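Q: Quick one: this structure, given as structure tokens, is what I'll be asking you about.
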Amino acid sequence: MKLFVDTAKVEHIKEVASWGVLSGVTTNPSLIAKEGRDFRPVIEEICAIVDGPISAEAVSLDAEGMLKEAREYSKWHDNVIIKLPMTDEGLKATAGCTEEGIKTNVTLIFSPMQALLAAKAGATYVSPFVGRLDDISHVGMELVQTIVAMYDNYGIETEVIVASVRSPLHVVDAALLGAHIATIPYKIFKQMLHHPLTDKGIQAFLDDWAKVPK
Ligand code: G3P
């Protein structure tokens, strides 16, 4: 399973990238807004840090507007992927992007049928939001399991990005279910990294090493 970071904060992206574990980045309008900077320079800076798919989201509500945004953003860098909403207009734009060779990530997926429609329209990626389903007492991971099984049945090439990740256990579950990608907030990456027994073990080794005659 590939690991993406779900943020537009450049320092956080640089840090996780330096660990050698990062295959891509996802952003959304809320994450971009948090940075208080223009969209294009943020995306270009991210593209310079990570050599992998970088999702930039279109905010138009109509297919023509989305396509216009897609054509513009995809010129910024070869790795830019256009995030499109799971609506009828979003599907139309996905089909249009597919025809023009622009890669897409259909976002805000909350049902298996939405994932099937997005794949049929040619989506490169779909993003089921597991945390937001958990928030309303639906098991988000059941959606991932269904989509992965459905895509496997027919050899569908659309990749599943597990999004709205809220805990390290979501990442474990995503990997056990065979999802292609998990997009993980910086805070969760840090939680995945640390274990108290690792810290305790390092301290014990250092204490013993200090006793070795030098
Ligand atoms: O980028 C999309 C998704 O990961 C958002 O997560 O925590 O706002 O539900 P969240």
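The values are calculated or read from the model by the stated rules, or taken from the named source; none is laboratory data. Quick caveat, the model's predicted, so the values are computed rather than measured. No Cβ is skipped: glycine too gets one built from the backbone with ideal geometry, and neighbour counts run over all protein chains shown.
Q: Among the residues of the range 103-128, how many are within 15 Å of the ligand (Cβ to nearest atom) and farther than 23 Å from Glu69 by Cα?
A: 1
Q: While we're on this one: Going by the structure shown, is Asp51 within 18 Å of the chain's Cα centre (by Cα), more than 16 Å from the ligand (Cβ to nearest atom) and at pLDDT 95 or above?
A: yes
Q: Spot the failing condition for Ala163; the list is (1) within 14 Å of the ligand (Cβ to nearest atom); (2) under 20 Å from Thr27 (Cβ atoms); (3) surrounded by fewer than 18 Cβ atoms within 10 Å (Cβ to Cβ), and only one is missed.
A: (3)
Q: Provide a single number: the residues in the range 50-88 that are in contact with a helix residue (DSSP H, G or I) (Cβ under 7 Å, 6 or more places away or on another chain) and surrounded by fewer than 17 Cβ atoms within 10 Å (Cβ to Cβ).
A: Result for the range 50-88: 5.
Q: Counting only residues that are under 17 Å from the mean Cα position of the chain (by Cα), give me the helices (runs of 4 or more DSSP H) lying completely in the range 121-214 with at least 3 of them.
A: Ranges flagged: 130-135, 140-154, 168-176, 186-193.
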